[in-house]
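Here is the structure we will look at.
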Amino acid sequence: MKKAPLLLLFTLLLGLIPSLKAQEERVVLFHINDLHGKIDTLPQTAGIVSSERASGREVLFLNGGDNFTGNPLIDQAKPAGSPMISLFSKMGFTLQCVGNHDFDYGQKGLLRYAESLKFPLLGANMDLPPELAKVIVPSFSIRLKNGLELVFFGLIQREKESGIPSTMRENVEGVVFHSPAESLAKILPPRRAGRILILLSHVGYEEDKELADRFPQLDLIIGAHSHTRINTPSRTNGVLIAQAGSDGDFLGRIELVVDKSGLRSAGGSLIDLKSVKEEDRELRRLVQEVERNPEFTKTVVQLPFSLSGKDALGSLMTDSLRRVLSLDAVFHNNGGIRLNRLDRKITLKDLYTLYPFQNQMVIGSFSVGGIKEMLRESYSRRPQPDLQVSGLRYGLVRFPDGTLKDIVVLDQEGRPLPDSHRLRGGLNRYVAPRLFTEKREFQSAKTLPEGIVSLMVRFFQENPGWDYRVYRDPRRIWEEVLDGPVQEKVLAKLSLTLGEGNPFEGSTPTGNLMADGLKSIAKTDFALFPSKQIRSDLRVRANAPVTPSLLLRLYGYIDKNKPVTATILGSDLIELFRRESLYNDGFPFQLSGFTCRVHLQRGKAAVEIADISPDRPYTIVTDGYEASKNPVLKKMLKGITELNITEAQALEQYLHRGTPSRLDEKRGTLVRQERR
């Protein structure tokens, strides 16, 4: 008899569970950011969002800003950005935060975009002119069907030095930008039942984490600006933080489980849009119309080989500007180089993608002492060489802890220049006011009316016989690390300098070190490491400490790429060097376990590899990415097996075993023979 009341109570509780569950709802937030004019995946994005909305769930589609600057089909349209605005009108966005590049077309361009939308833009840390203040608001509330309120706030990044976002100063004339954190502190309410607080942030992932630490009442931060790919949203101080990379590669999807009181749980992931087949057909048709622009597909120049890396592309850009403008020196910031590779056939679209900004050159007279002050200022913002150069060479001499000891400026022949020596030179209009203010030397400066891309086109037209081989390994800028204080573990101290020598001309100590390390860890007969992954802008002097961070600067991508082992026939190894030497117009691999001599003549290559049997299979270790992407190498390798270790980890393990020897051996040699 005593059990009956308990049984009745249990039955009543069970009956309540379905009604409790029924009060919970799922809300889907889709988010993109930093599209930079990339439109190819917009049809997939629209298709996914439309399908979710058709399911009956409440769906919000959020945009983190920076829609423009990066695609000449968008940026060079009349008016600028108009194709993107037209496509966006079909996308069904709910809200957007303003990004720094959304100012790139000027305030009139931003106003034109904002007035095309059916919702306000978000930006809480700006004092705006009256017209923009009507369409850009600090916050915006959306009430769900169950009565729950979602309150969105927006923040835009601000550079510490200039006090404005990363855009041209004239684009934001009359707009006052405040600290993102202090602005949010003034308007963010406390957490309470019936309300969810969401920040659309265009300040970057590291700053987002700082905001989460300071404002734990936030439920969610959807970020942008840093182009961070967060596959699964992370938590900082209980605040969920998400970001979807850049360039339309990914679409973020966050699912909120809510009831009338607020957020019960949340989780999310990224959708790889390149692998999605579902798409909005009408939007695809419109994208194809935008992309069918014959003006941008015209070939400007045909190179003898492709160019890769900021040093090669930056040297080409600065050379073209210096040559056309007849200057002594030209500098250009790495951040203004938006491609990492130019194929042999360069179109107008390629050049506008390489440099997508509406920008001109500022030219004037400055001294070598002024250049050193400019370089010191640049290093204080980003502690590594960040300015490409033509007409000069320069080096930053520092200690392992990053302390700058000296700056060396040389002429093109490597001769030191006195601080008093004056030159006529130029910088792009974005960099000039940041590095040469009224306190620095930049005399008689003037802005040229012609755009930078237009100047580059003139260079290609006026210099058909230009020798592009100089961009194989420009070595115009370098960073030199001396023995001294260090703030991380020391892996080794070597008796020779790392970073010297041209890997495209044969073996270098840096290349030998990596090849020996991979061969030792993999226990193979031979090792090959691509010469193109040897960096040319860092020298670690003899007896200076070799640290993990320096290894990542000496070699490209070794923190991500994994080595692979395989077998290769001796005859295929010879053919590999023959074909790749021709393709690269240089020595293609750093090597261990054998010696190789390549005789290169225009259109022909002869290869000598000592003590190798053509019919014998040899075990080999090489870079996994190269093995998967290089069709010649991929075809020749048999039984490819990936090692469960990155190349950086393999090299660290090798150095832990002891100090390497014979790194100065000349194992690979390139001999160039001119036709008679």
- Task: Starting from the stretch 35-48, take each residue that is under 20 Å from residue 202 (Cβ atoms) and touching a residue at least 12 places away in the same chain (Cβ under 8 Å) and list its partners that are open to solvent by less than 10 Å² (accessible area, probe 1.4 Å) and among the polar types (S, T, N, Q), counting only C-beta distances under 6 angstrom and pairs at least six apart or across chains.
- Result: 35/67; 36/69
- Message: Among the residues of the stretch 552-578, what is the count of those that are outside any helix (DSSP H, G or I), buried (at least 20 other Cβ atoms within 10 Å of the Cβ) and of a type in the set (A, V, I, L, M, F, W, C)?
- Response: 4
- Query: Name the residues in the stretch 250-272 that are open to solvent by 50 Å² or more (accessible area, probe 1.4 Å) and either more than 24 Å from residue 102 (Cβ to Cβ) or not in a strand (DSSP E or B) (or both), would you?
  - Reply: 260, 261, 263, 264, 265, 269, 272
- Note on the structure: Restricting attention to the stretch 465-505, the residues that are part of a loop (DSSP other than H, G, I, E, B) and either in contact with a Gly (Cβ under 6 Å, 6 or more places away or on another chain) or of a type in the set (S, T, N, Q) (or both) number exactly 5
- Query: Which residue, of 193, 185, 181, is of a type in the set (Gly, Ala, Ser), surrounded by fewer than 19 Cβ atoms within 10 Å (Cβ to Cβ), at pLDDT 95 or above and over 28 Å from the mean Cα position of the chain (by Cα)?
  - Reply: 185
- Item | Search result, residues across the stretch 82-112 that are part of a loop (DSSP other than H, G, I, E, B) and surrounded by fewer than 24 Cβ atoms within 10 Å (Cβ to Cβ) | 89, 90, 91, 92, 93, 94, 105
- On the given criteria, is residue 448 assigned to a strand (DSSP E or B), surrounded by 12 or more Cβ atoms within 10 Å (Cβ to Cβ) and aliphatic (A, V, I, L, M)? yes
- Task: Go over the candidates 119, 68 one by one and state the one that is over 26 Å from the mean Cα position of the chain (by Cα) and aromatic (Phe, Trp, Tyr).
- Result: 119
- Somewhere in the stretch 306-313, is a residue under 30 Å from residue 163 (Cβ atoms) and modelled with pLDDT under 95? yes
- Note on the structure: Going through the stretch 18-76 in order, the residues found to be open to solvent by 20 Å² or more (accessible area, probe 1.4 Å), among the charged types (D, E, K, R) and not in a helix (DSSP H, G or I) are 24, 25, 26, 38, 40, 57, 58
- Message: Take residue 283 and tell me if it is buried (at least 17 other Cβ atoms within 10 Å of the Cβ), part of a helix (DSSP H, G or I) and aliphatic (A, V, I, L, M).
- Response: yes
- Kindly provide the set of residues from the stretch 461-482 that are among the aromatic types (Phe, Trp, Tyr) and open to solvent by 40 Å² or more (accessible area, probe 1.4 Å), ordered by number. 466
- Query: Just for strands (runs of 3 or more DSSP E) wholly inside the stretch 286-403: which have at least 3 residues that are buried (at least 16 other Cβ atoms within 10 Å of the Cβ) and of a type in the set (A, V, I, L, M, F, W, C)?
  - Reply: 329-333, 360-367
- Item | strands (runs of 3 or more DSSP E) contained in the stretch 579-675 and holding at least 2 residues open to solvent by 20 Å² or more (accessible area, probe 1.4 Å) | 596-601, 604-609, 617-623, 638-642, 668-672
- Task: Quick one: in the stretch 145-170, of everything that is outside any loop (DSSP other than H, G, I, E, B) and open to solvent by 20 Å² or more (accessible area, probe 1.4 Å), which residue is farthest from residue 433 (Cα to Cα)?
- Result: 149
- Task: State yes or no: is residue 458 open to solvent by 30 Å² or more (accessible area, probe 1.4 Å), of a type outside the set (A, V, I, L, M), in contact with a helix residue (DSSP H, G or I) (Cβ under 6 Å, 6 or more places away or on another chain) and not in a loop (DSSP other than H, G, I, E, B)?
- Result: yes
- Note on the structure: Flagged in the stretch 481-503 as farther than 30 Å from residue 587 by Cβ and of a type outside the set (S, T, N, Q), in numbering order, are 483, 484, 485, 486, 488, 489, 490
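The values are calculated or read from the model by the stated rules, or taken from the named source; none is laboratory data. Worth saying up front: this structure is predicted, and the values here are computed from it rather than measured. In this analysis, Cβ positions are derived from the backbone assuming ideal geometry, glycine residues included, and neighbour counts consider all displayed protein chains. What goes into the accessible areas is simple: the full protein's heavy atoms, side chains included, and nothing from ligands, DNA or RNA. Shrake-Rupley method; radii C 1.70, N 1.55, O 1.52, S 1.80 Å.
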